[in-house]
Amino acid sequence: MVFILTCSANHLLTPWAEAYWNARDPKHFVLDEVAGYLWVQILFRHEGQFWKIAGLGFLIFRIFDIFKLIPPTRYVDRNIHGAWGILLDDLISASYAALVMYILTWVYPQWLK
């Protein structure tokens, strides 16, 4: 529910934020990052140490989000504008972060114990 509310608020407030800060995807407006982080937590469902999962999920998500390492993320960031583009690149980054966390769990099953 919080994820849906965050995405909805992002969609509604993005035009205002872009006008207020006179920038495309303004850095002061972080609802898209919040939604991305929540998406990592939704996708990576694992019983284990909460703070390890929360911290590592955030770190991996931010690495994918900042550096736009994967081509679909880069494409969306450069070519899809407005609320959907701002949100979608974060959700793609979050999906890759969750995938990396699943791979880590498979390779190092003891890391969350």
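No lab work stands behind these numbers, since they all come straight from the coordinates. In this text, all values refer to a predicted model and were calculated from it rather than measured experimentally. Methodologically, a virtual Cβ is constructed for each residue, glycine included, from the backbone with ideal geometry; neighbour enumeration extends over all protein chains shown.
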>> Given points 7 Å out from each Cα along the Cα-Cβ axis, report the Ala19 to Tyr108 separation in nanometres with one decimal.
In response: 4.8 nm
> His28 to Leu59: extension gain in nm, 0.36 nm per residue of separation minus the Cα-Cα distance?
Replying inline: 9.3 nm
>> Could you derive backbone 3J(HN,Hα) for segment 63-70 from the dihedral phi with the Karplus parameters 6.51, -1.76 and 1.60 (θ = phi - 60°), listing whole Hz in sequence and x where the residue is Gly or Pro?
In response: 4, 5, 6, 6, 8, 6, 6, 9
>> For the chain, what does the helix formula give at 222 nm: sum of -39500 (n - 2.57) over DSSP H segments with n ≥ 4, over the residue count, nearest 500 deg cm²/dmol?
In response: -25000 deg cm²/dmol
> Once phi is turned into θ = phi - 60°, what whole-Hz ³J(HN,Hα) does the Karplus curve with 6.51, -1.76 and 1.60 give for every residue of segment 94-99, x standing for Gly and Pro?
Replying inline: 5, 5, 5, 4, 5, 4
> In the P(r) worked out for the chain, what percent of Cα pairs fall beyond 20 Å?
Replying inline: 41 percent
> So for Tyr96, Tyr37, fewest C-beta neighbours within 10 Å to most, what's the order?
Replying inline: Tyr96, Tyr37
> With θ set to phi - 60° and the Karplus curve 6.51 cos²θ - 1.76 cosθ + 1.60, what are the ³J(HN,Hα) couplings of segment 39-50 in order, to the nearest whole Hz, using x for Gly and Pro?
Replying inline: 5, 4, 5, 5, 6, 9, 9, 8, 7, x, 6, 4
